[in-house]
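Scroll down for the structure; my scribbles are underneath it.
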Amino acid sequence: MGSTATRAAFGEALATLGEKYPNIIVVDADLAKSTMTLAFAKKFPNRHLDIGIAEGNLVGVGAGLALAGKIPFICSFACFLAGRFEQIRLSVAYTNANVRLVGTHAGIGIGEDGYSQMSLEDIALMRSLPNVDILQPADKLETLQAIEFLINHDRPTYLRLTRHKLDDVHEASYRFQFGKGDTLREGGDVLLLATGGLVKPALEAAQALAQQSINAAVINIHTIRPLDDELILKWAGKTRCVVTLEDHSIRGGLGGAVAELLGEEMPVPLKRLGMSGFGESGTQEALYEKYGFTGAAIKTAVKNFLATHKH
């Protein structure tokens, strides 16, 4: 079983696909080493722009390149990119510029850098824009396939990536399908909807629950917009209990999206597991332990939720 940060898989994909797609332009804000685009920059120096610590300009340049027919990937830490929301709103979303907004170092998984660089609100911001798609892959293979999809995708899209390594959850035969939830495990007692860094812990929790005769379905929601309403409602109808898991605020992220869907279509009990406050400095492992993002903690939270709501 391999383990790779999705930002590293992103950098690998760009360097490989740059040959096949000569219209790819990568734009960084003095973070090429951290966003993992340095390999692309060395291989295609004329197609990599480093504009310095100027994320507002980063967004404007990306929008201009897209409107000129290029395939821009604009890259920064997720918190710095989301911090330029006004520029994204007007320059990218309002003009419908086909920009790939790449936010790395997302969630409390960033670790020791602490809350100032810990993006926990970025999905909520991007979801508030009517035409920005949102992707958050769960492992290396899914990231590699999602990048090639994005090259040919014709809508502004936000790609959310991790600093820390994620264990593989897919076999080599896996094929990424935009907008389609990825059913990793079937079960009739509770539905676990996980994204990004919490997909593997969700699977670990499901395995532990199975040992206590609780069968959990696990779906990897790599596409947060458009959400796979049909698949979620299908499994919510079967299990009648739903839990969302994300390294992001429970307000406006995956949990918010699912709450909106269920509130309108199928009011079943819902538990949102994620961040309800600000993060802090610490190792990724210690923070995941403290905030209940480990498989063991998720198992306990799901079991307690079922004890209260499952009849």
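Calculate the length of the line joining the C-alpha centroid of the range 77-133 to that of the range 178-213, in whole Å.
So the separation of the two Cα centres works out to 26 Å.
What angle, in degrees between 0 and 90 and rounded to the nearest 10, separates the Cα long axis of helix 229-239 from the longest principal axis of the Cα atoms of the chain?
20
Just to verify a number: FRET efficiency for Asn131 and Val268, C-beta to C-beta distance, R0 = 30 Å, to 0.05? Before the final figure, lay out the partial values.
Working: r = 29 Å, r/R0 = 0.98.
Rounded to the nearest 0.05, the efficiency is 0.55.
Mean-square fluctuation check for the chain, GNM, Cα pairs under 10 Å: which of Leu231, Leu159, Leu150 is largest?
It is Leu231.
Counting other Cβ atoms within 10 Å, which GluC sites (Glu not before Pro) in the range 1-93 have at most 10 and lie in a DSSP loop?
Those satisfying the criteria are Glu19.
Calculate, for Tyr21 and Lys290, the FRET efficiency according to 1/(1 + (r/R0)^6) with r their C-beta to C-beta distance and R0 45 Å; round to the nearest 0.05.
Details: r = 42 Å, r/R0 = 0.93.
Efficiency at R0 = 45 Å is approximately 0.60.
Which of His105, His48, His248 moves the most in a Gaussian network model of the chain with Cα springs under 10 Å?
His48
Applying the Karplus parametrisation 6.51 cos²θ - 1.76 cosθ + 1.60 with θ = phi - 60° to the phi angles of the range 15-29, what ³J(HN,Hα) value in whole Hz is obtained for each residue in order, glycine and proline being reported as x?
Karplus values, whole Hz, x for Gly and Pro: 5, 6, 7, x, 5, 6, 10, x, 8, 5, 10, 10, 10, 10, 10.
Taking every pair of alpha-carbon atoms in the range 102-246, give the share separated by more than 23 Å as a whole percent.
That fraction is 36 percent.
Give me a comma-separated list of calculated 3J(HN,Hα) values for the range 149-158, in order, Karplus coefficients 6.51, -1.76, 1.60 applied at θ = phi - 60°, integers in Hz, x for any Gly or Pro.
Along the range 149-158, the couplings run 4, 5, 4, 9, 7, 10, 8, x, 9, 9 Hz.
For helix 199-210, report the angle its Cα long axis makes with the longest principal axis of the Cα atoms of the chain; keep it between 0 and 90° and round to the nearest 10°.
In the chain, helix 199-210 runs at an angle near 10 degrees to the longest axis.
Please report the antiparallel percentage of DSSP beta bridges with both residues in the chain, rounded to the nearest 5.
20
Could the peptides 111-118, 134-141, 214-221 be put in order, highest first, of the mean number of other beta-carbon atoms found within 10 Å of their residues? Can you show the working numbers first?
Working: 111-118: 16.0, 134-141: 26.8, 214-221: 23.1.
Ranked from most to least packed, the peptides come out as 134-141, 214-221, 111-118.
When the Cα atoms of the range 182-309 are enclosed in a convex hull and the volume is divided per residue, what value in Å³ results?
Details: hull volume 12.2 nm³, N = 128.
So the per-residue Cα hull volume is 95 Å³.
What 222 nm value per residue comes from the helices of the chain, counting each DSSP H run with n ≥ 4 as -39,500 (n - 2.57) and dividing by all residues, nearest 500 deg cm²/dmol?
So the calculated ellipticity at 222 nm is -10500 deg cm²/dmol.
For Cα extents along the principal axes in Å, several values are listed as (i) 61, 38, 37; (ii) 53, 42, 39; (iii) 69, 64, 33; flag the one computed from this structure.
After the calculation, the listed value that fits is (i).
Can you figure out the FRET efficiency of Arg155 with Arg89, using R₀ = 25 Å and their beta-carbon distance, to the nearest 0.05?
0.95
All of the numbers you see were taken from the coordinates with simple rules; none came from a lab. Small disclaimer: the values here were computed from a predicted structure and weren't measured. Cβ coordinates were reconstructed from backbone atoms using ideal geometry, including for glycine residues, and neighbour counts include every protein chain displayed.
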